[in-house]
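Engineer: Can you keep this structure in mind? I'll have questions shortly.
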Amino acid sequence: MFEPTDQARVFALAPGVDFPLALVQGLRARMIGRPPDAMARVELIVNTTRMARRIRAVFDDGPAMLLPRMRLLSDVSDPVALARLPAPVPPLRRRLELIGLVSRLLESQPDLAPRASLFDLADSLATLMDEMQDEGVSPDTIAALDVSDESGHWQRAQQFFNIVQHYFDGATEAPDVNAFRRLALEKRLAEWRHNPPAHPVILAGSTGSRGGTNRLMRAVARLPQGALVLPGFDFDTPDAVWSGLTDALSGEDHPQFRFAKLMNDLGLGPRDVIRWTDDMPPAPERNRLISLALRPAPVTDQWREEGPRLPDLAGATDGLTLLEAASPRDEATAIALRLRKAAEDGITAALITPDRMLTRQVTAALDRWEIFPDDSAGIPLQLSPPGRFLRHVAELFTSDLTAEALLTVLKHPLTHSAEARGPHLRATRELELHIRRQSWPYPRAEQIAGWGAAETLTEWTDWLIAAFFVDRKPQKRPLADWVNAHLATAEAIAGGPGSELWKEAAGRKTRAVVDRLASEAAHGTTLDARDYAGLFAAILSREELRDRDAPHPKILIWGTLEARVMGADLLILGGLNEGSWPELPGADPWLNRRMRHQAGLLVPERRIGLAAHDFQQAVAAQDVWITRALKTADAETIPSRWVNRLMNLMNGLPDQGGPAALAAMRARGAHWLALGRELERPAPVSPVPRPSPAPPVAARPSRLSVTEIKTLIRDPFAVYARRVLRLSPLNPLQRAPDALLRGTLVHDVLEGFVRDSTTDPDGLSAEVLMARANQILGDPLIVPFPAARHLWQARLARVARWFCDTERARQTAARPARFEIMGQAEIPALGFTLRGKADRIDLDDHGGAHLYDYKTGSAPSKKEQRFFDKQLLLEAAMVERGAFRDFAPAHVAQATFIALNPAGEVPAPLDEVTPTQVWAEFEALMTAWADPARGYTARAALLKETDISDYDHLSRFGEWDVIDTPTRDVLT
């Protein structure tokens, strides 16, 4: 197939050339005149499965012929030689072993790292081991590094390196996957040295970025009938630039650096690299422009010298669109619109980006037109329905069952999915409403059982209790025990063997991962519940789910590596911002950049160089979009260094039409951005006016509490919504330790304390008060919030002595007579009843009543009480009108708020307005509300604009402002 030669045989194709198509055409051209079976003797080694599929698709397009033997880079070894090697250790087993080793190290030396970093440390250590195996770097090489400037960090890292030293000793440990591949490759290369194959061996599509791949490429290039076909080789790069690409630390971020190193290793120059075919890139002028823009630094002098020799840039960038969106959402919307147009036109379009958030946004935008792109990466398995379900179940073991956790799992589509899903959802709804009404932050089995018996849902609650109230052992358990308990609980919650948990593609893939974990669990360590939940989530996050039957055949989403597969009519290069493409290098807890370079491991520049090569290949296609967002949610973005260079170069070449060409690129992008804004533009809707509904008198409330009078004055619409429309706010699912709960419990503490002190005066002490407070506020069943328990007790302790001192004075003036007493007073002419509960009423020796109301928050001032907060004043008026049954004091002596804060006691302004006057004003107020024309105005007189009403969403506050004139709506 190839003529004999004394030097390595290297071919290449320029950026922009359809690599798989040109590769097949070159093979066919070299088979002209040869027997039909000659092609079958060709051994073709490619880098990815997608590349192999595309090559087969090109062959399938005809003419009919025998196919070459295709292998992946990971499968080049001789099967006979592989059989003689020890079986490799599965990657999951190795990571489980490392988790155990790291866990024991952290237990013995807790100062090395926090326990929360257990899985991240084990995973990054496994990744480093894989890289060392692939690059052929031994632990001895790492140990010999110059660490004079990193002594403290190095000592900590060395502790972790020591625990994995034995994995590199092949005599005592089975190899992991990367070590196995390296051993198999070495055997194949040794076999080739002694008995080189006579048939053609072609390695195509790889850049040789990894150590093992580079060794294989060098060996293939020197075989008698071996050859390399390099993708995206820049034939426009001058020899002087090639010769300068020698220093890894300064030039490895260049897209052609790997090829320069390969040529140097093979003793070749750029002129020795031959074009595989005569195919030219779609836009040769653009290739020259991109090549010059991406020159290694410094580039200014090269731009000045070679820039004027570039052709007219309008033609070079004719198929190039630059889209600079205001936000990632605008970018995703414009991309989705272009992909929709491609689907309508029947052309193949691919979005290429490493930004997974962008791909999800584009996928969501395409969903409105029921276009489902073929995403090569799929979705993380942890985000699939079974993945989310199993993670929720794992979290059940980590703490006491909360109402939020219970309802989250009960509402999951896979819960109770074997049968009777409808009745399950109805029962779940009723249970949720009951939990909200009863404020159960931590539902207990006996509570749920009692509710189920009352609602005749015993069978369902029996299932719920058996499935959810699992054995929560706080101590550590072996990994195998955790997996078994996790699966048993998950299947019980899902509804048994007939559930939907393990069905469909997501269920089958998740089941395979779980089975693999179960089979390797014996190699794990003992973990607590939190560690197990973290481990399980980490394992799921490493897996991807793809459904190859659902996607659109011509709308594709690729990673950057797949840019060399080509085959699309339109390429959209998305997310071209610094930190996205190229991506920021991840933090390495083991070796810094200099140490990695000394050891021969990957450095951040190598990854950037590979990303630059992917960009150079993709941007050279016929029709290309370059997209980026000018801002993210956090800050302004910086354009990708390659885009930045391209724009700077074009702006500096006015004689070649650079600025005009760049403006035309932006104009083409602006057109699609305008379409996206039009698509997202909301339909004009007139804002509603400030409401003031006026229902008929018969529909208006005939009973209100004294606390609701304040609401009637400040926010009448809230009274209308609650008492006329009968809409009550839904209690929070997970009741927080809020002011309402605190006030209720402190009232209970003070009532019991004061009641006891009337019979035992010696008990009127701060110690006795705090003992009672600790009994109530410190009870986990009453206050299931540890932080709130301590905080509330501490707050009460600060005022306990003051309260006892002032309480002695209060009991000297009058004796406590009634606690939490209910009363009601009527306005017969209106048929209206006012209800109220007095916290406490004392009686003095003259028959005078002393009203007290406890406040754990701020008490209203005298002015607020006079005009708005009339609670105590109305209670005083009710006392004098005999509203409290079997309790009729002669008169009201005083009414006081007892605030448990620096405000202390705040008296009601009875010296300014008598109870008789208060009642007369109240009758006048309610007479006014009996006017059919009077409306319940929203937010009529709230204390602050920032105050929140429970019914602001119903009144659509925000479409109107408090300065707007209310619009009365007379209802019938």
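Laboratory data are not the source of any read-out in this text; all were calculated from the coordinates shown. Since we're looking at a predicted model, the values are computed, not measured. Positions of Cβ are backbone-derived with ideal geometry, glycine not excepted, and every protein chain shown enters the neighbour counts.
Engineer: Of all beta bridges DSSP finds with both residues in the chain, what is the antiparallel percent, to the nearest 5?
Structural biologist: Looking only at bridges with both residues in the chain, the antiparallel portion is about 30 percent.
Engineer: Based only on other Cβ atoms within 10 Å, what is the fewest-to-most ordering of VAL768, VAL962, VAL892?
Structural biologist: With the sparsest Cβ surroundings first, the list reads VAL962, VAL768, VAL892.
Engineer: Now for a different question. Kindly provide the helix-only [θ] at 222 nm of the chain, computed as the sum of -39,500 (n - 2.57) over DSSP H runs of four or more divided by all residues, to the nearest 500 deg cm²/dmol?
Structural biologist: Calculated mean residue ellipticity at 222 nm is -14500 deg cm²/dmol.
Engineer: Listed here are the pairs LYS837/LYS863; LYS509/LYS631; LYS837/LYS862; which of them are more than 31 Å apart at the Cα?
Structural biologist: Beyond 31 Å between Cα atoms: LYS509/LYS631.
Engineer: Please express the Cα-Cα pair-distance distribution P(r) of the range 381-545 as a list of whole percents, one per 10 Å bin, running from 0 to the bin with the greatest distance.
Structural biologist: Values per bin, smallest distances first: 10, 39, 34, 15, 2.
Engineer: Next question. Which entry is the computed Rg/Rh (Cα atoms, Kirkwood Rh) for this structure: [x] 1.09; [y] 0.96; [z] 1.06?
Structural biologist: Answer label, from the structure shown: [x].
Engineer: Local charge sum around LYS631 (other residues, Cβ-Cβ under 12 Å, Lys/Arg +1, Asp/Glu -1)?
Structural biologist: With Lys, Arg at +1 and Asp, Glu at -1, the neighbours total -3.
Engineer: Could you calculate the contour length gain from GLN917 to GLU583, that is, 0.36 nm times the residue separation minus the distance between their Cα atoms, to one decimal place in nm?
Structural biologist: 112.8 nm
Engineer: Starting from 0.36 nm per residue, how many nanometres of slack lie between GLN165 and TRP369 once their C-alpha separation is accounted for?
Structural biologist: Difference between extended and current length: 67.9 nm.
Engineer: Hey, another quick one. Output wanted: per-residue J couplings in Hz (rounded whole) for the range 513-518, from phi through Karplus 6.51 cos²θ - 1.76 cosθ + 1.60, θ = phi - 60°, x for Gly and Pro.
Structural biologist: For the range 513-518, the Karplus curve yields 5, 5, 4, 5, 5, 5 Hz.
Engineer: What whole-number distance in Å separates the alpha-carbon centres of the range 881-956 and the range 408-441?
Structural biologist: 41 Å
Engineer: What pairs from LYS710/LYS855; LYS187/LYS261; LYS411/LYS476 go past 20 Å between their alpha carbons?
Structural biologist: Table pairs above 20 Å Cα-Cα are LYS187/LYS261; LYS411/LYS476.
Engineer: Here is a follow-up. Choose one of PRO386, THR946, THR246: the residue whose Cα lies farthest towards the positive end of the charge dipole of the chain (beta-carbon charges +1 Lys, Arg; -1 Asp, Glu; about the Cα centre).
Structural biologist: With unit charges placed on the Cβ atoms, the residue in question is PRO386.
Engineer: Still on this structure, I have one more. What does the charge add up to near GLU605, with Lys and Arg as +1, Asp and Glu as -1, over the other residues with Cβ less than 14 Å from its Cβ?
Structural biologist: +3
Engineer: Expressed in nm to one decimal, what extension gain is obtained for the pair ALA240 and GLU751 from 0.36 nm per residue of sequence separation less their Cα-Cα distance?
Structural biologist: 174.8 nm
Engineer: In addition: Per residue Cα convex hull volume for the range 290-429, in cubic angstrom?
Structural biologist: Given the Cα convex hull of the range 290-429, per-residue volume reads 225 Å³.
Engineer: On the principal axes of its Cα set, how long, how wide and how thick is the range 637-764? Give whole Å, largest value first.
Structural biologist: 101, 52, 24
Engineer: Turning to a different aspect of this structure: Given the range 847-972, what percent of its DSSP beta bridges are antiparallel, to the nearest 5?
Structural biologist: That works out to approximately 25 percent antiparallel.
Engineer: With a Förster radius of 41 Å, plug the Cβ-Cβ distance of GLU504 and HIS199 into 1/(1 + (r/R0)^6) and report the FRET value to the nearest 0.05.
Structural biologist: Using R0 = 41 Å, I get an efficiency of 0.40.
Engineer: Something else about it: Within a Cβ distance under 13 Å of SER640, other residues only, what is the Lys/Arg minus Asp/Glu net charge?
Structural biologist: Local net charge: -3.
Engineer: With the crude spin-label approximation of a point 7 Å out along Cα→Cβ, what separation in nm comes out for ILE963 versus ASP61?
Structural biologist: 6.8 nm
Engineer: Give the distance, in whole Å, between the Cα centre of the range 245-309 and the Cα centre of the range 779-827.
Structural biologist: Spelled out, the Cα-based centre of one part sits 81 Å from the other.
Engineer: What is the spin-label model distance, in nm, from LYS863 to ARG391 if the labels are put 7 Å beyond Cα along the C-beta direction?
Structural biologist: Placing both labels 7 Å beyond Cα along the Cβ direction yields 5.3 nm.
Engineer: Something else about it: What ranking of ILE335, ILE347, ILE45 emerges when the number of other C-beta atoms within 10 Å of each C-beta is taken as an exposure proxy, fewest first? Intermediate values should be presented prior to the final figure.
Structural biologist: Details: ILE335 28, ILE347 14, ILE45 25.
Fewest to most other Cβ atoms nearby, the residues stand as ILE347, ILE45, ILE335.
Engineer: Taking all pairs of different Cα atoms in the range 925-972, averaging 1/r and flipping that mean, what Kirkwood radius in angstroms comes out?
Structural biologist: Kirkwood hydrodynamic radius for the range 925-972: 12.3 Å.
Engineer: Can I ask one more? Using packing as a proxy for protection, rank 668-675, 296-303 so that the peptide with the highest average count of other Cβ atoms within 10 Å comes first. Intermediate results must be reported in sequence, preceding the final value.
Structural biologist: On the way: 668-675: 17.2, 296-303: 14.1.
Averaged packing, sorted descending, gives the order 668-675, 296-303.
Engineer: Using Cβ counts within 10 Å as a stand-in for footprinting exposure, how do LEU323, LEU66, LEU745 rank, fewest first?
Structural biologist: Placing the least packed residue first, the sequence is LEU66, LEU745, LEU323.
Engineer: Which order do the peptides 922-929, 525-532 come out in when sorted by mean C-beta neighbours inside 10 angstrom, highest first?
Structural biologist: By packing density, highest mean first, the sequence is 525-532, 922-929.
Engineer: Something else: Using label points projected 7 Å from each Cα along Cα→Cβ, tell me how many nm separate THR812 and ASP950, to one decimal.
Structural biologist: Modelled inter-label distance: 4.3 nm.
Engineer: A further question follows. Just how far, in whole angstrom, is the range 618-689 from the range 527-598 if you go by their alpha carbon centroids?
Structural biologist: About 25 Å separates the Cα centre of the range 527-598 from the one of the range 618-689.
Engineer: Going Cα to Cα from LYS554, which aspartates and glutamates come in below 19 Å? Please leave out same-chain ones fewer than 8 positions away.
Structural biologist: Partners within reach: ASP18, ASP60, ASP61, GLU344, ASP345, ASP367, GLU370, ASP374, ASP375, GLU562, ASP569, ASP623.
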